[in-house]
Amino acid sequence: MSGQLQFCVNSTGPISVYMQIENQVRFAIASGSIKPGDALPSVRDLASTLQVNSNTVTKAYRDLEIMGLVGGRRGVGVIVLPNAREASRKQTETIVQDHLRDAVAECLAAGLTARQITKVVTESMKSGRRPYSG
């Protein structure tokens, strides 16, 4: 894989581990961190790195294949497909907007002001924190 994607998962969070893996691949494709033709880590390697069952990684890769973002090639492994970036950008934009709307709604329901919410968002953007890092 030519990009320097480093996966991490939060096994105690509300999002399933396979979905966290899927999302990280989608985000990396959408951002251009990994490009068409790049190979993803092997199922065995990624499962070992993340200390998860290989079936979890297999499910994530299978779902990404169904979405049309990756495909398996004998002898090469799982690679990012040619039109994956455009498809991934559309998918991730919807996901991220939904998450952000929910987060803002939770902030408002908890009584935070617009100024407090803006501060949290600004600090979050500056933090460099990766998804699912706990």
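Expressed as a fraction of 2.2 N^0.38 Å, the C-alpha radius of gyration for region 1-72 is 1.01. In order along region 31-37, the Karplus-derived 3J(HN,Hα) couplings, from 6.51 cos²θ - 1.76 cosθ + 1.60 at θ = phi - 60°, round to 7, x, 5, 10, 10, x, x Hz, and Gly and Pro are given as x.
Cβ-to-Cβ counts within 10 Å put 98, 45, 63 in ascending order as 98, 45, 63, the fewest first. Per the Debye calculation on region 55-134 with a single equal scatterer at every Cα and no solvent contribution, log₁₀ I(q)/I(0) for q = 0.11, 0.12, 0.20 Å⁻¹ amounts to -0.48, -0.56, -0.99. Spin-label pair residue 112-residue 53: with each label point 7 Å from Cα along the Cα-Cβ axis, the two points sit 3.5 nm from one another. Dipole of region 17-127 computed with +1 at Lys/Arg Cβ and -1 at Asp/Glu Cβ about the Cα centre; of 50, 94, 75, farthest Cα towards the positive end is 75.
Per-residue Cβ neighbour counts within 10 Å put 12, 92, 113 in the sequence 12, 113, 92, beginning with the fewest. Taken over the Cα atoms of the chain, the convex hull encloses 113 Å³ per residue. The charge dipole of region 17-127, taken about its Cα centre with unit charges on the Cβ of Lys, Arg, Asp and Glu (plus for the first two, minus for the last two), comes to roughly 220 debye.
Throughout, read-outs are computed from the coordinates displayed, never taken from laboratory work. The structure displayed is predicted, hence computed values, not measured ones. Here Cβ is always computed from backbone atoms with ideal geometry, including for glycine, and neighbour counts include all displayed protein chains.
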